[in-house]
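Read the structure below first, then the notes.
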Amino acid sequence: MRGSKDPLEARKGLIFWFANYNRGNGPVFSIRPTGLKRLVITFKFGAYAAACVEHTKSHASREDFLLANAFFEQLDHEYGLRINGKPFGPNWEISSDLKIEATRKISERISRESIVETVNLVMVPIVASVAELVGYEEKGNEAEEAVPDEEGSISHALTLKRERSIRNRLLCLSIHGDQCGVCGFQPSDLYGSDMPSILEVHHIEPLSEVEQPRAYDPKTDLIPLCPNCHRAIHKRRPAYTPAELKELLHT
Ligand SMILES: [Zn+2]
Ligand SMILES: [Zn+2]
């Protein structure tokens, strides 16, 4: 992502765009003060909106939409999401004039810290949902690790891919909190709250074990685990359930 001050706006704001688009061409995010103690975060497709929308429609699955919807519901709960000027509802859809707006009230006057905090709490989740809907690939050694090597490993690779999804991670942590779902470890207790969370997302019921394909519910299907518990839970295939692993814990 790249960012700069927005020279087009009378009120000072910051704008951000994906680095692989020229500024103003692709999806654009902005963050602007309104009043003394509110920040408004806005998302719009840029000049190539039609191409973005087309790509989203051909790329995103029903499940992608359901998850994006679950994510927006979470954000709406805290930051009163507005879609094209109207309060958020379940019937939103991707269109070239899509505009998503969230408002964050802050307790102090607007400062550098409150802007950074708002970027992390509100803008990053919106960026993650939009990036996954539009279909930006996550870079990493995922491709290498996703090479099928035995029967059933394609669905296993798919499960791992889902567990690594930035959006699933943000959604899971925002629903369940930054705490291991098996041993209760809270990273901030050990490393302080400035450290980005080291918790990982575990997908409880891999699709390989599901008879009928279905969209999962991030509230019940995704659980945050500390790296130790996550390793341990995958020591058996199929994985242990969180309850089984809890039984194994020496307390
Ligand atoms: Zn744990
Ligand atoms: Zn896992």
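The values are calculated or read from the model by the stated rules, or taken from the named source; none is laboratory data. These numbers were taken from a predicted model, which means no experiment stands behind them. We place every Cβ from the backbone using ideal geometry, glycine too, and count neighbours over all the protein chains shown.
For the range 167-180, the criterion of being farther than 23 Å from Ile126 by Cβ, touching a Gly at 6+ places or on another chain (Cβ under 8 Å), at pLDDT 90 or above and not assigned by TED's automatic domain parsing to the domain that holds Asp64 is met by no residue. Inspect all residues belonging to the range 129-142 and state whether any of them is acidic (Asp, Glu), modelled with pLDDT of 85 or more and over 18 Å from Leu170 (Cα atoms). Within the range 129-142, none of the residues are acidic (Asp, Glu), modelled with pLDDT of 85 or more and over 18 Å from Leu170 (Cα atoms). The residues of the range 68-125 that are touching a residue at least 12 places away in the same chain (Cβ under 8 Å), out of contact with any Leu (no Cβ under 6 Å at 6 or more places or on another chain) and polar (S, T, N, Q), listed by number, are Asn69, Gln74, Asn84, Ser95, Ser96, Thr103, Ser107, Ser114. Quick check: anything in the range 53-63 at positive phi, touching a residue at least 12 places away in the same chain (Cβ under 8 Å) and not assigned by TED's automatic domain parsing to the domain that holds Arg167? Scanning the range 53-63, I find no residue that is at positive phi, touching a residue at least 12 places away in the same chain (Cβ under 8 Å) and not assigned by TED's automatic domain parsing to the domain that holds Arg167, so the answer is no. For the criterion of being modelled with pLDDT under 75 and either in the same structural domain as Ile106 (by TED's automatic domain parsing) or more than 20 Å from the chain's Cα centre (by Cα) (or both), Arg11 passes.
When the range 232-242 is filtered for residues that are part of a helix (DSSP H, G or I) and under 18 Å from Cys172 (Cα atoms), the ones remaining, listed by number, are Ile233, Pro242. Considering the range 62-138, the qualifying helices (runs of 4 or more DSSP H), each wholly inside and each with 2 or more residues that are under 14 Å from the mean Cα position of the chain (by Cα) and either of a type in the set (Ser, Thr, Tyr) or crowded, with 16+ Cβ neighbours inside 10 Å (or both), run over 62-79, 124-134.
Here is a list of conditions, (1) exposed (fewer than 12 other Cβ atoms within 10 Å of the Cβ); (2) part of a helix (DSSP H, G or I); (3) at pLDDT below 80; (4) of a type in the set (Val, Ile, Thr), and Thr220 meets all of them except one; can you say which number that is? Single failed check for Thr220: (3).
Residues in the range 169-184 that are within 14 Å of ligand 2 (Cβ to nearest atom) and assigned to a loop (DSSP other than H, G, I, E, B): 3 in all.
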